[in-house]
Amino acid sequence: MDGINLLETDHTKLRDKISQFRNNDNWTSRQLLIKEIISNVCQHTSAEERYLYDLITQKFDNGKFLYDKQLIDNQVHKEMMQFLLDKIDILSVGNMSFRDSYQQECEKLFSVLEDHMKEEEQLVFPKLRETLNTTELSDLYKNLEWAKQNAPTRPHPSTPVVGSKILHPVAGLVDSLTESLTGTTNVNK
Ligand SMILES: [Fe+2]
């Protein structure tokens, strides 16, 4: 497996979870699924911010534009995920109109995520496959895999992306301590 395969596999898993959410009308299961989706997206996004976006800047003629666009897209979906996490416990109350509104917000998030995946798969990944050699693709895999292991599992929309190689592992540690102190479990482990 190389770095691009790893990101494509993440996308496939994410699409599968989104589809499970859409096909499940049990709100207890949906709460769990949305937490899993958010946690997966946080790890994937963190790894991309730390190790993919530098490559985009270097390898694409319009790299700086694409880099800035990816960051703004990420900021939008981090804010949306934070909102969904902040409101998730109210789902347990069982108010149908609240659940309908919550589902609409989930669909907005899914739409942003689907655009992100499509753009990378159609534009970014083919170009990187063309320009990176085998060693660079293998190094990308190792970096992304390592980054995902110590990535934040929550959105942290206020954490700056500049300096992400240092800041994201710190946020990851905070998330992991919070999970152990509150007795919650990282749904990905
Ligand atoms: Fe991605």
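Computed from the coordinates by the stated procedures, all read-outs in this text should not be read as laboratory data. Keep in mind it's a predicted model, so treat the numbers as computed, not measured. All Cβ positions, even for glycine, are placed from backbone atoms using ideal geometry, and neighbour counts span all protein chains on display.
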Residue count for segment 35-62, restricted to those that are part of a loop (DSSP other than H, G, I, E, B) and of a type in the set (Ser, Thr, Tyr): 0
Residue satisfying all of: in segment 22-32; surrounded by fewer than 20 Cβ atoms within 10 Å (Cβ to Cβ) and of a type outside the set (S, T, N, Q); nearest to the chain's Cα centre (by Cα) among these: 32
May I ask you to list pairs of residues, at least six apart or on different chains, whose Cβ atoms are under 6 Å apart, with the first in segment 115-126 being farther than 9 Å from residue 70 by Cβ and touching a residue at least 24 places away in the same chain (Cβ under 8 Å) and the second being more than 8 Å from the ligand (Cβ to nearest atom) and in a helix (DSSP H, G or I)? 125/4
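Test residue 49 against the criterion of being within 17 Å of the chain's Cα centre (by Cα) and either on the phi > 0 side of the Ramachandran plot or within 11 Å of the ligand (Cβ to nearest atom) (or both), and give yes or no.
Details: within 17 Å of the chain's Cα centre (by Cα): yes; either on the phi > 0 side of the Ramachandran plot or within 11 Å of the ligand (Cβ to nearest atom) (or both): yes.
When the stated conditions are applied, residue 49 passes them.
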Answer yes or no: is there a residue in segment 18-34 that is under 30 Å from residue 142 (Cβ atoms), of a type outside the set (Lys, Arg), assigned to a helix (DSSP H, G or I) and within 16 Å of the ligand (Cβ to nearest atom). yes
Do you know which residues across segment 81-105 are surrounded by 14 or more Cβ atoms within 10 Å (Cβ to Cβ) and among the β-branched types (Val, Ile, Thr)? 88
Pairs under 9 Å by beta carbon, first residue without any contact (Cβ under 8 Å) to a residue 12 or more places away in the chain in segment 42-55, partner more than 11 Å from the ligand (Cβ to nearest atom) and in a helix (DSSP H, G or I), six or more apart or different chains? 54/67
